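Here is the structure we will look at, set down as structure tokens.
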Amino acid sequence: MEISTSRFQEIVIGIDMSGYKDVLGSYIKEAETGKFWLSAMNELKNRGVEDILFCSADSLNGFSQAIIAVYPQTIVQRCIMHQIRNSTRYVSDKANKEFMRELERVYQAVTLEMAEHNLEKVEEGKINTQAVSNHGERIGQN
């Protein structure tokens, strides 16, 4: 008889005000739950993590609520890589490479104005792709 259980591993990495990275915790869990993340955040607090300025994560169930409960001043943002990956669900495989190249110009812009300008180009379909909006509607044509 073979018994299999799904387990997930999460690693919490922190960057201090001097720019140094540190692994704050490594967790193996059965499921993505708010209860788990609340426990993990309380453990970090008890081990000496005084404050978290900014947090970037994917859309884990209950994560935002758990971190805010323990560190109420934290700014929680969805990870940019997860946002980009989510965006590509609405682009044909054929057009994906070009779409990613244009989207990269948005995220690598030096100024907010340039990022907004590049995003407008993507949204207006001025790129050579068959891009679609997050509602599945076509926003650009060749």
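Would you list, by chain and number, the aspartates and glutamates whose Cα falls below 12 Å from the Cα of residue 94, excluding same-chain residues fewer than 8 positions away?
Partners within reach: none.
Report the calculated FRET efficiency for residue 42 and residue 80 (r = Cβ-Cβ distance, R0 = 22 Å), to the nearest 0.05.
Result of the calculation: an efficiency of 0.20.
As an exercise, identify the GluC sites (Glu not before Pro) in the range 1-105 lying in DSSP coil whose Cβ has no more than 13 other Cβ atoms within 10 Å.
Here the GluC sites (Glu not before Pro) that fit, given the DSSP loop and packing criteria, are 2, 30, 50.
If you build the Cα gyration tensor of the range 8-78 and take the root of 5 times each eigenvalue, what three semi-axes come out, in whole angstrom, biggest first?
Square roots of five times the eigenvalues give 18, 14, 12 Å.
Name the trypsin sites (Lys or Arg not before Pro) in the range 11-117 that are in a loop by DSSP and that have at most 16 other C-beta atoms within 10 Å, would you?
When the trypsin sites (Lys or Arg not before Pro) of the range 11-117 are filtered for loop state and at most 16 Cβ neighbours within 10 Å, 47 remain.
Can you pull out the chymotrypsin sites (Phe, Trp or Tyr not before Pro) in the range 7-54 whose DSSP state is coil and whose Cβ has at most 15 other Cβ atoms within 10 Å?
Listed in order of number, the matching sites are 20.
Here, each number is a calculation from the coordinates, and none is a lab measurement. Note that the structure is predicted; figures quoted are calculated from it, not measured. As a convention, Cβ positions derive from the backbone with ideal geometry for all residues, glycine included, and neighbour counts pool all protein chains shown.
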